[in-house]
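The values are calculated or read from the model by the stated rules, or taken from the named source; none is laboratory data. Note that the structure is predicted; figures quoted are calculated from it, not measured. Cβ sites come from the backbone with ideal geometry, for glycine too, and all protein chains shown count toward neighbours. The protein model used for the area step is the full one, side chains on, heavy atoms only, and it has no ligands, DNA or RNA in it. Shrake-Rupley method; radii C 1.70, N 1.55, O 1.52, S 1.80 Å.
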Amino acid sequence: MNTLDNIKIAIKHAMNSEFYQKHFSGINVDDIRSMQDFQKLPFTDKEDLRDAYPLGLQAVSDEKIIRIHSSSGTTGTPVIIPYTQKDVNDWAIMFKRCYETAGCTNMDRIHITPGYGLWTAGIGFQAGAELLGAFAIPMGPGNTDKQIKMMIDLKSTVLCATSSYALLLAEEIEKRGVRDKIHLRKGVIGSERWGEKMRKRIAGELGVELYDIYGLTEIYGPGIGINCPKQSAMHMWTDYMYYEIIDPKTGELLPEGSTGEIVITTLQKEGAPLIRYRTHDLTKAISGKCECGSEYPRIDTIIGRSDDMVKVRGAIIYPSRVDELLATIEGVSSEYQIMIDHMNGKDILTLFFETADKDSAYNLEKTVEYEFKERIGITPNVKAVAMGDLPRSEKKSTRVFDNRY
Ligand code: ZN
């Protein structure tokens with residue numbers, strides 16, 4: 001069967017849900033005869049899913065649902081995703097494939113720090129580790145003392161964490177001088193956008209190889225793609241999903257190699273299938289076959305979210321560009337925060353960055369101010385702070401706080 005046939009089966013199934021009956025009302029699946037027809041279907045956005053609360057996305061009868069997960073509703077109504085036994089099994093199969101791609105085996109001891117519960121992260125890391133036959137250590141987040149003690153005593157070999165929590169642990173291990181008691185060899189890090197500088201720090205301080213794992217709660221959870229040892233782009237498990245890269249402004253499909261938003265259609269999901277789901281994650285497709293020999297297509301590391309992009313005094317600012325800029329300045333750490341305020345009729349951007357070099361703080365501030373103006377186009381207020389002053393988070397870290405609205 002070709003891609004279009006698979007997609008049509010997925011659409012037909014999705015239309016069993018209350019949500020898609022409404023969202024695709026007036027659409028006859030048999031009229032979809034080409035990929036161009038498919039690309040005319042309306043997108044599904046997170047806001048639409050909120051409107052389907054609580055169970056409008058459910059596409060099978062109750063006796064087939066075995067569990068739900070929910071995406072963190074930072075604003076208002078959460079999104080609830082029901083899973084069938086097949087969905088849970090498929091997710092574990094994809095996750096096992098991720099661990100294998102990263103070179104993990106059943107001899108590894110996998111230290112899992114992402115949260116358990118409604119959030120999909122912890123349990124996904126766990127199910128994949130168990131299917132692999134590895135030794136799972138289901139820590140969950142928090143309690144750094146205990147994390148480090150268990151890591152030493154149980155000789156954990158693989159750390160699963162968000163990038164900001166991996167950094168926090170790396171810093172603590174360094175501070176306590178216990179690096180030689182740590183047995184980690186790999187880090188499998190949740191797909192937050194993170195700069196090269198942060199990656200190098202975590203890899204260097206922990207002495208591990210790092211892998212970026214991709215996923216989102218609406219589409220199973222983490223584990224739908226990961227990079228391989230050959231390169232930083234992520235292989236995507238396209239037997240379970242079809243993806244497109246679109247222009248986030250116009251919604252048009254972009255030519256291969258252009259940066260845009262990744263839009264995902266689930267091909268095998270039973271509980272809550274999604275068609276043309278807008279992830280708001282920005283990336284680009286990488287062409288050609290990977291040196292590792294895998295047939296699975298690749299996308300580049302996520303460079304940011306289309307909704308993280310902010311406009312200040314006419315300049316468009318992507319957090320990833322700020323990452324890159326700070327990475328080029330000696331003495332500036334990877335940790336920073338941007339505050340945008342509106343005062344006296346003017347937008348003010350303040351950039352805080354961490355540095356270990358107190359004596360050079362003033363000069364570093366001037367350098368960052370100059371480079372920011374040169375490369376991004378506006379002059380920020382720049383403030384150096386001490387290492388560890390900015391918050392580290394166990395979940396995804398927020399870099400930009402827009403206080404204008
Ligand atoms: Zn590869």
message: Just want to confirm a number: the relative contact order over the stretch 255-364, from Cα pairs under 8 angstrom separated by 6+ residues, in percent.
response: 16
task: With a ≥ b ≥ c taken as the square roots of the eigenvalues of the C-alpha gyration tensor of the stretch 1-85, please select rounded if a/c is under 1.5 and otherwise prolate if a/b is larger than b/c or oblate if it is not?
output: prolate
statement: Once the mean of 1/r over all distinct C-alpha pairs in the stretch 246-328 is inverted, the Kirkwood radius in Å reads 14.8
field: Magnitude of the charge dipole, the chain, Cβ model with Lys/Arg +1 and Asp/Glu -1, debye to 20
entry: 420
message: Could you work out the relative contact order of the chain? I mean the mean sequence separation of Cα pairs under 8 Å and 6+ apart, divided by the number of residues, in percent.
response: 14
message: Once the cut-off is 13 Å, how many percent of the Cα-Cα pairs in the stretch 137-188 end up in the long-distance tail?
response: 55
task: Over all directions, average the projected area of the Cα convex hull of the stretch 84-305 and note it in nm².
output: 11.9
message: Suppose accessible area is computed on protein heavy atoms with a 1.4 Å probe; arrange THR250, THR144 from highest to lowest.
response: THR250, THR144
message: Less than 19 Å apart at the alpha-carbon level, and either on another chain or at least 8 residues along: which lysines does that give for LYS64?
response: LYS12, LYS86, LYS269
- request: Leaving ligands, DNA and RNA out of it, work out the accessible area of TYR318 with a 1.4 Å probe and give it in Å² to the nearest 10.
  value: 70
field: the stretch 310-402 - percent of accessible surface contributed by carbon and sulfur, probe 1.4 Å
entry: 48
- request: For an R0 of 60 angstrom, estimate the FRET efficiency from the Cβ-Cβ distance between GLN268 and MET339 and round to the nearest 0.05.
  value: 0.90
- prompt: Which FRET efficiency, nearest 0.05, do LYS146 and LYS311 yield, Cβ-Cβ r, R0 51 Å?
  reply: 0.75
statement: Per-residue accessible area, 1.4 Å probe, largest first, puts LYS22, LYS269 in the order LYS22, LYS269
task: Quick one: compute the contact order of the stretch 1-138, relative version, from alpha carbon pairs under 8 angstrom and 6+ residues apart, as a percent.
output: 18
statement: With all protein chains present, the stretch 84-305 has a carbon and sulfur share of its accessible area (1.4 Å probe) in percent of 52
- prompt: Could you give the accessible area per residue of the stretch 270-405, probe 1.4 Å, as a whole number in Å²?
  reply: 49
field: Unit charges at the beta carbon, dipole of the stretch 84-305: most positive-side option, ILE148, LEU267, TYR296
entry: ILE148
message: Loop by DSSP (not H, G, I, E, B), at most 12 other beta-carbon atoms within 10 Å: where is the longest site-free stretch of the chain for GluC sites (Glu not before Pro)?
response: 1-251
message: Can you sort ILE80, ILE189 by solvent-accessible area, 1.4 Å probe, largest first?
response: ILE80, ILE189
